[in-house]
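For reference, the structure discussed in these notes is given below.
The values are calculated or read from the model by the stated rules, or taken from the named source; none is laboratory data. Note that the structure is a prediction, hence the values are computed from the model and not measured. Because the Cβ atoms are built from the backbone with ideal geometry, glycine has one as well, and the counts that use them run over all protein chains shown. Remember, those area values only see protein heavy atoms, side chains included, never the ligands or the DNA or RNA. Shrake-Rupley method; radii C 1.70, N 1.55, O 1.52, S 1.80 Å.
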Amino acid sequence: MCTTCGCGNTHHHHHHHDDDRAEEIRLEADILGRNDAFAAANREWFAGHGVKAFNIVSSPGSGKTSLLEATAEALRGQVEMAVIEGDQATDNDADRIKALGVNAVQINTRNGCHLDAHMVGHAVEKLDPPTGSLLFIENVGNLVCPAMFDLGETARVVVISVTEGDDKPLKYPYMFESAQICVINKIDLLPYVDSDIERIKRNVLSVNPAMRFFALSATKGPGMDSWLDFLTAGAQQ
Ligand SMILES: Nc1nc2c(ncn2[C@@H]2O[C@H](COP(=O)(O)OP(=O)(O)O)[C@@H](O)[C@H]2O)c(=O)[nH]1
Ligand SMILES: [Mg+2]
């Protein structure tokens, strides 16, 4: 996608002053506008290649990589999958996925707090996921910035673990509004925390009444079956 983005060429750096709020807003609109164009190109590529792409978002440590590890193990030999990993630093998560024999690419955003559609486009070029496969994009752990950046995904999956506090959907509503699927993870820890699946769901539904839920434990197994059924529904072979 270098052909369309021109990222090999000189980048233009915009300068702005803190007191110039109008300029800031213009730049933000500019950045999001450009992101949306790359997102549209990604979406078209996914549709054209019959690839289902999931943008996995959550706060750090809720179990995104663990969910992908468990998914990779369960789907081995059934459905082809690939993973794009986003973190500020390290290749840890891509290494965890590759250790399971799954094709993965790591993106390091350095001081960036989210993946954008341009980065994802290049990672897709590298991975070249086959027709009929599932592509998981693990976003940078953070319930704020990734909400604003469409990656061209087929669906956005927000993971919340039962140890995070049931009020997080109310505190970070934009992320929960922007997702279609909510995985409630670490249900094996329910006996040890003051948390309640029904209360989490109620809070999520108050910001997004159309949300679809999967409650599971990525590391211990309960609830994984419905998640896997959802992923493989409609997948060829
Ligand atoms: N008890 C329990 N621990 C989990 C579960 N899922 C993930 N963890 C643990 O939570 C920590 C963070 O998990 P990780 O997958 O790295 O989270 P990420 O930052 O969202 O990718 C690790 O120590 C995992 O072993 C779960 O379902 N149950
Ligand atoms: Mg991770």
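Side notes on the structure shown:
- Cβ-based charge dipole, the chain, positive-most Cα from Ala147, Leu231, Ala29: Leu231
- Only lysine pairs 8 or more places apart, or on different chains, with alpha-carbon atoms under 30 angstrom apart are counted in the chain, and they number 27.
- Rounded if a/c under 1.5, otherwise prolate or oblate - the chain, Cα gyration tensor axes: oblate
- Shape category assigned to region 47-121 from the gyration tensor of Cα positions, a/c cut at 1.5: oblate
- Residue-normalised accessible area of the chain, given per residue in Å² at a 1.4 Å probe: 50 Å²
- Summed side-chain charge close to Thr65 - residues other than Thr65 whose Cβ falls under 15 Å, Lys, Arg +1, Asp, Glu -1: -4
- Summed residue charge, Cβ within 10 Å of Gln180's Cβ, Lys/Arg positive, Asp/Glu negative: +1
- Rounded to the nearest 20 debye, dipole of the chain from Cβ charges on Lys, Arg, Asp, Glu: 520 debye
- GNM result for the chain, Cα springs below 10 Å: residue of Gly223, Gly63, Gly141 fluctuating most strongly: Gly223
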